[in-house]
1. In the set Asp412, Asp426, Asp432, which member is in a loop (DSSP other than H, G, I, E, B), without any contact (Cβ under 8 Å) to a residue 40 or more places away in the chain and under 23 Å from the mean Cα position of the chain (by Cα)?
2. For segment 195-210, indicate whether the set of residues that are buried (at least 18 other Cβ atoms within 10 Å of the Cβ), touching a Leu at 6+ places or on another chain (Cβ under 6 Å) and not in a loop (DSSP other than H, G, I, E, B) is non-empty.
3. For segment 659-722, which fully contained helices (runs of 4 or more DSSP H) count at least 1 residues that are over 60 Å from the mean Cα position of the chain (by Cα) and at pLDDT 80 or above?
4. So is Ala215 farther than 21 Å from Ala39 by Cα and touching a helix residue (DSSP H, G or I) at 6+ places or on another chain (Cβ under 6 Å) or not?
5. Output the number of residues of segment 30-51 satisfying the condition of being within 30 Å of Asp346 (Cα to Cα), at pLDDT 90 or above and among the hydrophobic types (A, V, I, L, M, F, W, C).
6. Determine, yes or no, whether Asp437 is over 15 Å from Leu586 (Cβ atoms), modelled with pLDDT of 90 or more and not basic (Lys, Arg).
7. If you go through segment 507-556, how many residues are charged (D, E, K, R) and either assigned to a loop (DSSP other than H, G, I, E, B) or closer than 30 Å to Val398 by Cα (or both)?
8. Please find, within segment 562-584, the residue that is farthest from Ala471 (Cα to Cα) out of those that are of a type in the set (S, T, N, Q) and open to solvent by 10 Å² or more (accessible area, probe 1.4 Å).
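The values are calculated or read from the model by the stated rules, or taken from the named source; none is laboratory data. All figures in this text were calculated on a predicted structure; none of them were measured in a lab. All Cβ positions, glycine included, derive from the backbone under ideal geometry; neighbour counts span all protein chains shown. The protein model used for the area step is the full one, side chains on, heavy atoms only, and it has no ligands, DNA or RNA in it. Shrake-Rupley method; radii C 1.70, N 1.55, O 1.52, S 1.80 Å.
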Amino acid sequence: MGDACFSTQLIDGDGVFNVSGLDHFMKEVKLGECGLSYAVVSIMGPQSSGKSTLLNHLFGTNFREMDAFKGRSQTTKGIWLAKAQNIEPCTLVMDLEGTDGRERGEDDTAFEKQSALFALAVSDIVLINMWCHDIGREQAANKPLLKTVFQVMMRLFSPRKTTLLFVIRDKSKTPLENLEPILREDIHKIWDTVPKPHAHKETPLSEFFNVEVVALSSYEEKEELFKEQVSNLRDRFQHSIAPGGLAGDRRGVVPASGFSFSSQQFWKVIKENKDLDLPAHKVMVATVRCEEIGNEKLASFTADEEWQQVEEAVQHGYVPGFGNKLSSLLDRCLSEYDMEAIYFDDGVRTSKRQQLESKLLQLVNPAYQSLLGHLRTRIVEEFKESFDKALTKEGFAVAARDCTHTFIEKFDKGSEDAAIQQVKWDPSKVKDKLKCDIEAHVASVRAAKLSELCAKYEAQLTKALAEPVEALLDSACEDTWPAIRKLLQRETKAAISGLESALSAFELDEATEKELLVKLENHGRSVVESKAKEEAGRVLIRMKDRFSTLFSRDADSMPRVWTGKEDIKAITKTARSASMKLLATLAAIRLDEDGDDIENTLNLALVDTSRPGTTDRSIQSFDPLASSSWEKVPEEKTLISPVQCKSLWRQFKAETEYTVTQAIAAQEANKRNNNWLPPPWALAAMAILGFNEFMTLLRNPLYLAVIFVIFLVGKAIWVQLDIASEFQNGFLPAILSLSTKFVPTIMNILKRLADEGQRPAASDRQREMELQPTNRSSYSSVTSAGSSSITATENGSE
């Protein structure tokens, strides 16, 4: 089955290039798929010389032919293009408008030259149709045509090697062997007479043209023979571009996909009446076409579904096998470019390929960077989790080193998997950022662990120091600060030893480790100083508590009873001295074994007020407490300044003075309550002056009985009125109270005596036996009743 015949008008009679028609024609004949495997054949000759007829019979085209019955006139206008049928490789046939036509006139040869130059520029084989009877004639019709061909050929800076196939029409009986030498001679004569550039003055015709000659019989007179000869000629066009073929040594072929653009540019330059630079034109066509192919492949890659899936997946996370997938897609895209651009200029093709590759890599690079970002993020998260687990099994430094090495290697493997074969992108920046992230996390965890560890030992040290220091400061004696120093040294040493052992797992540098140990040591000192400051803030309360304890309790910690035998002045001095020692202890921080005279100064200024030569402290010439700092004590270690000590002592004395006064008053009252007997001198006077009366009593027993009865009554009244307790409230209140209770008490006693006298004698003995225990209860009842009534009366009177 023969190929379909497609034809189109390439250039119309007015010289307008049919771009859309040519593009459509190329799609129909699939010219773009031919690469370099195609040939272009054109025909030139006088008008009405049978060019279209020859082409139709030779290539199976359908060009319009002249109708001989209508007369000889112009049939083909402009340039027509068709595809030869059943000829390999793909052969394009151009039918040019005839020369020497009356329609354009004798002087209008511009289009004739333009079409001839166009044919030489694009054609591999040019058929020159000429009459047999013109051979050897000086004024033959083919000579202007040949001159035109040779003249326009000179406008090609580097003409391509073109085959000129002279077709002798209506061959006579003269053998071809005789006609061919004459024709070649005419051709050489025309070549020699054509003006040539200086560079081609001596260039032979064979450098630019392969001249072939063929003769055909008359189509009208010998049609069958004509067809046979055309068929034989047709065979010569099979594989015409193969070595040994009609166009076997052609040069500067434009790839089939660039034929349309190349033809347009050729015609544009020819229309502008410019010389054609075929090498530059070839590069220009290659540049345009390769760029078009590159853009097509770039657009194809962008629209590729597989690439879009990869690109979308990369936006959400790490994509395993990214490098292989992208390498495959890029390789496929570049291979397609190579296949389509293989026939274009090597330099241009390579350059445009590099541009395409660069654009593809620019398109892919964001996805690659995003992938590395996801890889880095994932590895950082995995590192954090693994590092936390490793810390429970091994030391910090070992865990950090092992985990860092493991996950850096994991990143290297991931970056190798993401690597694209077409380019060697350096992931070192992302790797460095990963290292920074890992180091930052390790540093943060290290800082947290160290902080936690230091806080633990600081808490232990605080617990070990706080309460003992507070107790030692509360006891406040000469050995308080030495004991505190000893305690601080012992506990700090134990804490530092534990912390140092724990820090060995971190493998810290010597300076950092020393800094942490010094910090812990300073913390211990700060705990002691803080407690000392707290106690110093409560020193007045502590002093009053100590004074109260020592003043109000004896050596056995029992409450004192001021019986009158106690030396209140000595007790007060002892209690105040102890309070002063407490003040001296809390006046300054003594964690260093530096001596000071604070206690002596306070003792001299506050407690020991007896100085030689003076009896009033207000007139002393020098006050050791009139200063804001202690001698030999730095300001930062001072808790209570001398001036503050003086103020505190003054306030302390004022607030404890009442306690001392109360004790003195209680002692005096106790003395008064316990002293009922008259003075000794009075007792002696009574004994001397009352000796006679005493002897009288001894001589008369009745007096003794009366005195004894009086004693009993007086004793009953004493008990009932509770005279001793009444006089404890003072003399005048006792007199007033006894005066109100005396008469009711006497009446109560008489009534009970009358009741006892009226009872039967039989019950007297039993009553007598019960009288002893009940007497006291009776007396108590009577006394209580009397006291109650007296108290009530007293309250009422008050």
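1. Result: Asp426 is the single residue among Asp412, Asp426, Asp432 that is in a loop (DSSP other than H, G, I, E, B), without any contact (Cβ under 8 Å) to a residue 40 or more places away in the chain and under 23 Å from the mean Cα position of the chain (by Cα).
2. yes
3. Those helices (runs of 4 or more DSSP H) span 680-689, 701-721.
4. Taking the combined requirement at face value, the residue satisfies it.
5. Adding up the residues that qualify gives 3.
6. Considered against the rule, which asks whether it is over 15 Å from Leu586 (Cβ atoms), modelled with pLDDT of 90 or more and not basic (Lys, Arg), Asp437 comes out as yes.
7. Count: 11.
8. The qualifying residue farthest from Ala471 (Cα to Cα) is Thr563.
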